[in-house]
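Comments concern the structure below.
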Amino acid sequence: MHTNPLARGTWSPARRGLAAAAVFTLVSGLLVGQASQASAAPRVDNPYEGATVYVNPDWAAKATASGGAAIADQPTGVWMDRRAAITGTEGARGLREHLDTAVEQGADLIQIVIYNLPGRDCAALASNGELGPDDIEIYKSEYIDPIVEIMGDPAYAGLRIVNIIEIDSLPNLITNVGSRETATPECDEMLANGNYVEGVGYALAQLGSLENTYNYIDIGHHGWLGWDDNFGPAAELFHEAATAAGATVDDVHGFISNTANYGVLREEFFDADTVVGGRPVREASTFVDWNRYVDELSYAQAYRDELVSVGFNDDIGMLIDTSRNGWGGPDRPTQASTSTDPETFVNESRIDRRIHLGNWCNQSGAGIGERPTASPESGIDAYVWIKPPGESDGASREIQNDEGKGFDRMCDPTYEGNPRNQNNMSGALPDAPLSGHWFEAQFQELLRNAYPPL
Ligand code: BGC
């Protein structure tokens with residue numbers, strides 16, 4: 001859409017009926033011939049609107065086998081989390097097969113996670129990647145370029161390809177560097193060598209050169225960038241990355257919040273400005289701790305305005321990952337606390353039951369969140385499930401592997417924390433496998449604590 005402003009007015013469900021994907025499903029005998037002639041439809045404002053979204057059969061099979069038939073037909077993100085994922089790994093089909101299967105399904109849209117930066121995940125160990133801090137040329141030529149080549153195949157021109165760009169990278173360069181107590185040497189290195197910015201810019205530019213791709217950049221979540229010190233500076237950094245390595249803001253369709261995190265969509269009983277005992281909870285509650293936001297919806301909507309104000313296009317849209325932020329089950333509050341003590345009020349009223357907002361690994365008590373939905377609220381393109389429910393965030397103890405995954409003690413339930421979660425317990429479930437691997441016990445809890453309930 002951003003590259004073709006005239007297209008917006010011409011978009012309609014009727015036109016979409018003529019799009020290549022629909023032709024593939026209706027006239028399957030002509031599939032190959034049609035595919036080679038297909039050219040990409042113009043970008044639309046909200047790619048999720050009216051779209052049938054690809055269901056990953058590999059994830060669906062695991063969900064079904066684990067008693068999750070009620071959600072197994074939901075679309076989830078396909079993670080390109082190392083070079084081998086492009087061609088496929090044991091138990092997981094490669095990118096081309098996913099795209100082929102999407103076309104066979106008659107899907108209009110597929111969600112791909114671009115996640116393999118040099119020095120990946122510099123403030124945590126559980127999802128450290130395969131590339132070293134200086135491997136930017138490998139990232140470009142052996143990771144991004146092959147993905148762009150596959151996505152650019154005319155056979156996929158009828159698919160809208162949503163790319164989730166490099167989660168947990170740029171936010172780390174704001175909060176976990178320099179003189180901050182939360183700094184890590186690895187994040188300082190990635191800030192100094194510029195390879196996150198260069199890599200994100202390159203990914204945006206190359207993926208954005210295809211007409212049917214929709215790039216969404218990660219903005220962390222409200223419990224990460226919701227503080228004033230982080231919010232504005234991060235927006236500036238996103239703009240810097242979106243104008244690096246040949247990218248322009250026209251390569252950015254929008255932004256995504258809460259990817260693979262647990263931030264609640266809506267705190268129903270208070271916001272940061274709610275006054276309890278004469279003081280706003282923003283300043284009087286340790287849990288809120290001066291954050292401007294207490295939930296993901298208000299955060300994403302406010303960030304949209306901020307991003308437009310720093311130079312992104314005014315028709316950007318936001319996504320929120322709601323795969324595991326439901327917080328249902330018997331412990332979910334059903335009304336606001338009547339306490340006049342701000343600490344007690346927030347702790348009795350809050351739907352997000354985490355010990356601390358900095359906790360991110362396999363959170364105990366979480367549930368499946370809102371089902372994927374297009375255009376649920378103003379400024380929001382969709383609620384999406386980018387983190388596939390049931391896949392671990394990280395191992396709770398050291399496990400040898402060849403996937404570049406480390407052991408992060410934030411995934412160990414006995415860990416007493418670090419400055420990034422203000423030295424609280426990790427809140428992680430025990431006995432977790434490596435990140436990305438199936439975690440049966442977590443999946444069962446997510447089903448039980450789903451909200452809305454299943
Ligand atoms: C892991 C990836 C995995 C993804 C989805 C990430 O934490 O590092 O390997 O594909 O989660 O489960």
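The values are calculated or read from the model by the stated rules, or taken from the named source; none is laboratory data. Small disclaimer: the values here were computed from a predicted structure and weren't measured. For neighbour counting, all protein chains shown are included, and Cβ atoms are generated from backbone atoms with ideal geometry for every residue, glycine included. Surface accessibility is based on the protein's heavy atoms, side chains included, excluding ligands, DNA and RNA. Shrake-Rupley method; radii C 1.70, N 1.55, O 1.52, S 1.80 Å.
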Seminar exercise, completed: Considering residues that are open to solvent by less than 30 Å² (accessible area, probe 1.4 Å) and either of a type in the set (S, T, N, Q) or not in a loop (DSSP other than H, G, I, E, B) (or both), the number found within segment 303-337 is 11
Exercise. Any chance segment 155-163 includes a residue that's touching a residue at least 24 places away in the same chain (Cβ under 8 Å), in contact with a Cys (Cβ under 7 Å, 6 or more places away or on another chain) and of a type in the set (A, V, I, L, M)?
Worked result: no
Exercise. Which one is nearest to the ligand (Cβ to nearest atom), of the residues in segment 366-386 that are touching a Gly at 6+ places or on another chain (Cβ under 8 Å) and open to solvent by 20 Å² or more (accessible area, probe 1.4 Å)?
Worked result: E370
For this session: Run R96 past the list (1) open to solvent by less than 10 Å² (accessible area, probe 1.4 Å); (2) in contact (Cβ under 8 Å) with a residue 24 or more places away in the chain and report the number of the one that doesn't hold.
Result: (1)
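Looking at L204, is it touching an Asp or Glu at 6+ places or on another chain (Cβ under 7 Å) and away from the ligand (no atom under 16 Å from the Cβ)?
Details: touching an Asp or Glu at 6+ places or on another chain (Cβ under 7 Å): yes; away from the ligand (no atom under 16 Å from the Cβ): yes.
Against the criterion (touching an Asp or Glu at 6+ places or on another chain (Cβ under 7 Å) and away from the ligand (no atom under 16 Å from the Cβ)), L204 qualifies.
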Exercise. Looking at segment 94-136, which of its residues are among the β-branched types (V, I, T) and within 16 Å of the ligand (Cβ to nearest atom)?
Worked result: I110, I112, V113, I114
Exercise. Right, R282: among the basic types (K, R) and closer than 22 Å to N172 by Cα or not?
Worked result: no
For this session: Can you give me the number of residues within segment 399-451 that are in a loop (DSSP other than H, G, I, E, B), open to solvent by 40 Å² or more (accessible area, probe 1.4 Å), out of contact with any strand residue (DSSP E or B) (no Cβ under 8 Å at 6 or more places or on another chain) and more than 16 Å from the ligand (Cβ to nearest atom)?
Result: 9
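Does segment 244-256 include one or more residues that are farther than 19 Å from T213 by Cα and open to solvent by less than 10 Å² (accessible area, probe 1.4 Å)? Explain how you work it out, then say what you get.
Applying the first criterion (farther than 19 Å from T213 by Cα) to segment 244-256 yields none.
Taking every residue of segment 244-256 in turn, none turns out to be farther than 19 Å from T213 by Cα and open to solvent by less than 10 Å² (accessible area, probe 1.4 Å).
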Exercise. What number of residues within segment 239-268 satisfy the criterion of being closer than 25 Å to W385 by Cα and assigned to a loop (DSSP other than H, G, I, E, B)?
Worked result: 14
